[in-house]
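The values are calculated or read from the model by the stated rules, or taken from the named source; none is laboratory data. Every value quoted in this text rests on a predicted model; they were computed, and no experiment measured them. We place every Cβ from the backbone using ideal geometry, glycine too, and count neighbours over all the protein chains shown. For accessibility, only protein heavy atoms count, side chains too; no ligands or nucleic acids. Shrake-Rupley method; radii C 1.70, N 1.55, O 1.52, S 1.80 Å.
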Amino acid sequence: MERRGRVEAFMLLLLLLSPAQAQPRHPLPVLWMMPVSSGSGRENLTAAVLPAVRLALQDLQRQPAPLGNYEVQLQLLDSQCDAAKSLKALFDALWAGPKFLLLFGGVCPSVTTLIARSLPALNLVQVSFAASSPSLSNRKWYGNLFSTVPSDRALNHATVKLLQRHRWSRVGVITQEGPRLSEMKKDLMRQLLKADVQVLSSESLSADVCSSLRRLKETGVRIIIGQIEEGSLSEVFCCAYRLSMFGPRYQWLVVGGGVDGWRLGWQLSGCPVQDLLTAADGSIRLQTRRLSNTNTAGISGRTPQDYLDSYLGELTQEESEVSLLHAFAYDAVWVAANALSQVMEAQRNRERYSVMRNVSIGPEESHRMLLEAVKRTSFEGVTGPVFFRNGERVASIELIQLQGSRGVSVGEFSTSTQQLRLMSHLLKFKGPGPTRDRTLVLEQWQHVGLLLYGVVSSAAAVTIVLTLTALCFTVCSQKLRLLSWNGGSRDELLLLGILLSSSSVLVSGLDEALLSDQTYEILCSVRLWTLCVGHTVGFAVLFTKAWRIYSLCCIKHTPRLRPTGFLVFWLFLLDVFVLVTWQILDPLRRVVLQQNIQMNSSLDQDVELLLSSECCSCTNMELWLTAVYGYKGPLLGLGCFVAWSIRSVQVDHPAVSSKQLTLSMLSMTVFSVSGVSGALLTSHNPPVQFCVVSSLVLCCSVFTLVCMFGPKFVYVCFHGNELLQPLNLQAAEDEEEQLRRVNMQLKSHSKQLDLEIETITMQLYEESEMADSDLRRGGNNAGEARSVVSALICSEDTNMDGNPLSPDHINSPEQVRRRLSIQLPILHHSYLPVIGGVSASSSSLFGSREAFVHHDLLIAAS
């Protein structure tokens, strides 16, 4: 095997050497490491690069001195893309000699990485035309490695510059598996992180290409960076077409692909050519410039086009494929020859003219001189200006956009100036501009319009004025109070509830942008309290009226239960308890609500309208609303039942009707349920919610106001004079009722007096009988008996003259009995206040005929 390698090297050397020259040239031995017999397809690369190397050696022979005085002799080493075998072959070549100062080539990344780290120890400098891995940019480890191919870091840097130019900050990365591309991906991630570009998803191109792209699509990626080999591009774009990942919503950036490579393998992907072109249309490729775009001759005396023609001619004769690295290999030979010739000339000049000419130059000194010579390399090659900065080739990165079926150069990135130049007039996008890296969000704040607020507020103001007018008339007018079923106090509470509910509309539609957070939170609480308390008070009054009629007319076999004004108070107290607890534990605050609405424009752009609005809410809003609805709902249901039960009850007065009360209760329930449902359904749209809820609140207030007070006002306006007679009749009836009660009391007391009078009469009669008997027995104690009787009847004068025993005497028993029968009733009526009756001076109580009737009956009963 070793012998075979030497034979191949010798045959290659013969092929490279030109015919004998007239003047002898100094040989410059160089090791050339390439995979020749690896069996992995690398033979094609070596055969494709060989014509370019041969052209470079031929051009070097025609150069004048001092470059023309030297002859580069290449000794080929077969690396077989195996690091261990490559290192053994290198050691064998160095041991066998001659003395080598420079290593040329190096295609396999694993071999290049290992050999490059050992170069300082071997006093070698390597010039490569294929080493582009970002990891080789570490000059501490790979300080002796120089490559005419720009590093992949330059491609990544150009990609980041393009992202920054179009302000793309969200990308997705898909990378094909492989050592070089894996290193390239790591470097790209570092640069994207440094540039503050977010990577939404990073996928590896596995056997199922469509699955990888589908995962990218699910993350919402719009800008896709593809680090893909040229042979897999057609398969990737075929899946992109099937997944609809193309058009104005997507932008593909392919790093490392060439124009020629795009057209290879279109038919191998399983998709028609037209579908592939449709999917790839508009994609941008970033690649290293293969040939200079100038027509000036370089150091070799050839223009880039002249060189390309010569290379293709040599390639045609050998029937080999075109290599993308051939131009870099041509310039790499010139870098090696130029650096070696400078070192050799420096050594010759030192031997001739320096005072240290007798001092031999050691390997370390030669290595240092060669390293400095390579660093100072600067000439115009077929790939453009050739010079190095920090060991990396300074070159230009092309930006080529596929437009239709051809690639158009739309810009370039210079690694020398670190500037990106785009030709905007050539750059074409599917949409009106560059693709957006995310969905365009157009934020729109939803406020209640001034016109809408003015109309609704005007309606609320009219309702409030009508309510205040009704309240004033109810309080001040005695006629309206006569039409109230239980007095005017409950009507006043009903009007107060309507007033509070209507007032809540005025604070509901104020512009939130003009209010501070503190003011807005206060208005939230005011709106909640006025609406909730107003609703509760209004419902309580209607329910009290309905229950009074229901208890009087519908409850027959149970005691009649009549709720008092305490029902309104207890419902109000329950509302206050819930609202105060809510306000303390979880107060209302300003909350911003956002809703995304997809918009499909004619240009098929990713545009979303973000509707933002502000509302009053709290942490446990649903819990508190459930608590409020939990006790108001059953009460409304009970009120509807009671109101429906009294719908046919007849009321004697024409201005009031149970049907009006039923309609008021049912309408309040319907409007309440509709308001709650409308508020929940339109919570995402504040103007609509304000319009719906305010309309329902005002309609409920106006309907209740019309049903409960409209007929009364109409009756007062057209039948006001008729209310005066009921007023006097009511007063007379009240006075008559009071007199009846007094008569009943007088009858009771008269019966008691009758008993007492009868008792006293009997006693007097017995005493008079006893007095008569005593007179008949002797008449000694007749004067004493008559004195006792006279003391019981009236006050007598002890000095009165006459004989008391005479029948004609005033104090005779006959006269006493006669006076008692007449005077006792008179005394009874004269001293009525003493027994609980009416004062004798209150003659007004006897002004009516009925009073005299009762009086006569009482006298008759007495």
* **Segment GLN164-GLN58, extension gain: residue separation times 0.36 nm, minus the distance between their alpha carbons** => 33.6 nm
* **Relative contact order (%) - criterion: Cα under 8 Å, at least six apart; region: region 207-347** => 20 percent
* What length, rounded to one decimal in nm, is gained on full extension from ALA461 through to GLU351, with 0.36 nm per residue of separation minus their alpha-carbon distance? -> 28.4 nm
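Would you mind calculating the relative contact order of region 143-246 from Cα pairs under 8 angstrom and at least 6 residues apart, reporting the percent as a whole number?
Over region 143-246, the number comes to 31 percent.
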* Distance between modelled label sites at GLN305 and ALA195, nm, 7 Å Cα→Cβ extension -> 3.4 nm
* Structure fact -> Length gained if LEU623 through LEU94 is fully extended, taking 0.36 nm per residue and subtracting the Cα-Cα distance, is 181.8 nm
* To do: Take ARG117, ARG215 and sort them by solvent-accessible surface of the protein heavy atoms, 1.4 Å probe, largest at the top.
  => ARG117, ARG215
* **DSSP-assigned coil residues among GluC sites (Glu not before Pro) in region 288-319, each with at most 12 further Cβ atoms within 10 Å** => GLU319
* Asked: In units of 2.2 N^0.38 Å, what is the alpha-carbon radius of gyration of region 425-465?
  -> 2.54
* To do: Express in Å², to the nearest 10, the accessible area of LEU755 obtained by rolling a 1.4 Å probe over the protein heavy atoms while all chains stay in place.
  => 110 Å²
* Structure fact -> In the neighbourhood of GLN198 defined by beta carbon distances under 11 Å, the net charge of the other residues (Lys, Arg +1; Asp, Glu -1) is 0
* When the convex hull of the Cα atoms of region 81-165 is projected onto a plane and the area is averaged over all directions, what value comes out in nm²? -> 5.9 nm²
* Asked: Which ³J(HN,Hα) values in Hz, rounded to whole numbers, follow from the phi angles of region 584-592 under the Karplus curve 6.51 cos²θ - 1.76 cosθ + 1.60, where θ = phi - 60° and Gly and Pro get x?
  -> 7, 7, 8, x, 6, 9, 7, 10, 9
* Two-site FRET efficiency, PHE379 against ASP517, from Cβ-Cβ distance with R₀ of 60 Å, rounded to 0.05 -> 0.30
* **Solvent-accessible area of SER672 with every protein chain in place, 1.4 Å probe, in Å² to the nearest 10** => 20 Å²
* Enter the accessible area of ARG242 (Å², nearest 10), with the probe set to 1.4 Å and all protein chains included. => 140 Å²
* Taking Rh as the Kirkwood radius computed over C-alpha pairs, what is the Stokes-Einstein D of region 381-530 at 10 °C in a medium of viscosity 1.306 mPa s, expressed in µm² per second? -> 68 µm²/s
